[in-house]
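*Asks:* Got a structure for you, written out below as structure tokens; questions coming shortly.
The values are calculated or read from the model by the stated rules, or taken from the named source; none is laboratory data. Just so it is clear, the structure is predicted and the values come from calculations on it, not from any experiment. All Cβ positions, even for glycine, are placed from backbone atoms using ideal geometry, and neighbour counts span all protein chains on display. These accessible areas exclude ligands, DNA and RNA; they are computed on the full protein's heavy atoms, side chains included. Shrake-Rupley method; radii C 1.70, N 1.55, O 1.52, S 1.80 Å.
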Amino acid sequence: SKPEDRYSTIRIVIVIVGAIIVAAITMAPPARAAQEPTEVVKALVNPALQILADKTTPLKDRQQKLRDLVNGNFDFVAMSRSALGHHWKDLNDQQRNDFMQAFTAFLQDSYLSRIQDYSGQQVNFRGQTQIDEANYEVKTNIDQPGGKAPIQVNYALRQDNGKWLICDVTVANISIAANYRNQFNRVINNQGFDTLLTDLKKKQRGLEEQLGTPHAHD
């Protein structure tokens, strides 16, 4: 396939995964461990796809619906810790909390800004694999038009205090947490953590102003 076609396909997949992350950021009671990991992911994917597909609702309203959808199925502490890698241990509790809040809001707004790119792709569930006693991987494919090969999107879940939490998403063998870790590591090594946090907040506020659907800030 042409490079531009591949880029377009990955953008659409990112939009779908982002809608799921956005839904989880504001999502209702976490699923209990007794529920299958696949069912946890389905409970995020299906309503997010419905909102993406609803072209009769204005874009900003769909963005707000995703923001308001239903909180607690993603482990954003684990994702933030993974995104910072070994730098996490060098931070105090306040710095960790500030980063987690900024990173979570940035993820949400960066994906919300792209939902108009969605054009009806469907998600097929391919089962789950037990990694160890407390960790599973749920495998999905996102179908592509024109006979193109589907894109694999896999969700890593872990059991925590009787509920399943998604701690990473891998798109076409690229981990979201690892992708950001590479970027953040360069900034911290060259300019320090405070610069990273300031830049992340600035980018998030810019996206928030563009969207017109603000977060509640302290």
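*Asks:* Somewhere in segment 150-169, is a residue open to solvent by 40 Å² or more (accessible area, probe 1.4 Å) and among the hydrophobic types (A, V, I, L, M, F, W, C)? Break it down stepwise before answering.
*Replies:* Start the filter on segment 150-169 by keeping residues that are open to solvent by 40 Å² or more (accessible area, probe 1.4 Å), which leaves 150, 152, 158-161, 163.
Cutting the leftovers down to among the hydrophobic types (A, V, I, L, M, F, W, C) gives us none.
No, segment 150-169 contains no residue that is open to solvent by 40 Å² or more (accessible area, probe 1.4 Å) and among the hydrophobic types (A, V, I, L, M, F, W, C).
*Asks:* Please verify whether segment 47-58 includes one or more residues that are in contact with a helix residue (DSSP H, G or I) (Cβ under 8 Å, 6 or more places away or on another chain), farther than 18 Å from Leu200 by Cβ and among the charged types (D, E, K, R). Full working, then the answer.
*Replies:* Start the filter on segment 47-58 by keeping residues that are in contact with a helix residue (DSSP H, G or I) (Cβ under 8 Å, 6 or more places away or on another chain), which leaves 47-49, 51-52, 54, 57.
Checking which are farther than 18 Å from Leu200 by Cβ leaves us with 47-49, 51-52, 54, 57.
Narrowing the set further to residues that are among the charged types (D, E, K, R) leaves 54.
Looking through segment 47-58, at least one residue is in contact with a helix residue (DSSP H, G or I) (Cβ under 8 Å, 6 or more places away or on another chain), farther than 18 Å from Leu200 by Cβ and among the charged types (D, E, K, R).
*Asks:* Another question about this same structure. What tally of residues in segment 100-149 results from selecting those that are in contact with a Lys or Arg (Cβ under 6 Å, 6 or more places away or on another chain) and among the aliphatic types (A, V, I, L, M)?
*Replies:* Of the residues in that region, 2 qualify.
*Asks:* Which condition breaks for Arg32 when tested against (1) open to solvent by less than 70 Å² (accessible area, probe 1.4 Å); (2) at pLDDT below 70; (3) within 26 Å of Asn161 (Cα to Cα)?
*Replies:* Every listed condition holds for Arg32 apart from (1).
*Asks:* What tally of residues in segment 70-103 results from selecting those that are more than 18 Å from Val153 (Cβ to Cβ), open to solvent by less than 40 Å² (accessible area, probe 1.4 Å) and part of a loop (DSSP other than H, G, I, E, B)?
*Replies:* The initial filter retains those residues of segment 70-103 that are more than 18 Å from Val153 (Cβ to Cβ), namely 70-72, 76-78, 80-81, 83-103.
Then keep just the ones that are open to solvent by less than 40 Å² (accessible area, probe 1.4 Å); that gives 72, 76, 78, 80, 83-85, 87-88, 91, 99, 102-103.
The next check asks that each one be part of a loop (DSSP other than H, G, I, E, B); those that pass are 72, 91.
Final tally of qualifying residues: 2.
*Asks:* Let me ask something additional. Among the numbered criteria (1) open to solvent by less than 20 Å² (accessible area, probe 1.4 Å); (2) at pLDDT below 65, which one does Gly18 miss?
*Replies:* (2)
*Asks:* For the subset of segment 104-143 comprising residues that are among the hydrophobic types (A, V, I, L, M, F, W, C) and either part of a loop (DSSP other than H, G, I, E, B) or under 16 Å from Leu165 (Cβ atoms) (or both), which member is modelled with the lowest pLDDT? Break it down into steps so the answer makes sense when it comes.
*Replies:* So the first thing to find is which residues in segment 104-143 are among the hydrophobic types (A, V, I, L, M, F, W, C), and the list is 105-107, 112, 115, 123, 125, 131, 134, 138, 142.
Restricting the remaining residues to those that are either part of a loop (DSSP other than H, G, I, E, B) or under 16 Å from Leu165 (Cβ atoms) (or both) gives 107, 131, 134, 138.
Numbers: Leu107: 84, Ile131: 92, Ala134: 87, Val138: 95.
Only one residue fits best here, namely Leu107.
*Asks:* Report every pair of residues separated by at least 6 positions or lying on different chains whose Cβ atoms are under 6 Å apart, first residue within segment 112-125 and under 15 Å from Asn141 (Cβ atoms), second modelled with pLDDT under 80 and outside any loop (DSSP other than H, G, I, E, B).
*Replies:* Note: pairs meeting the criteria are Gln121/Ile12.
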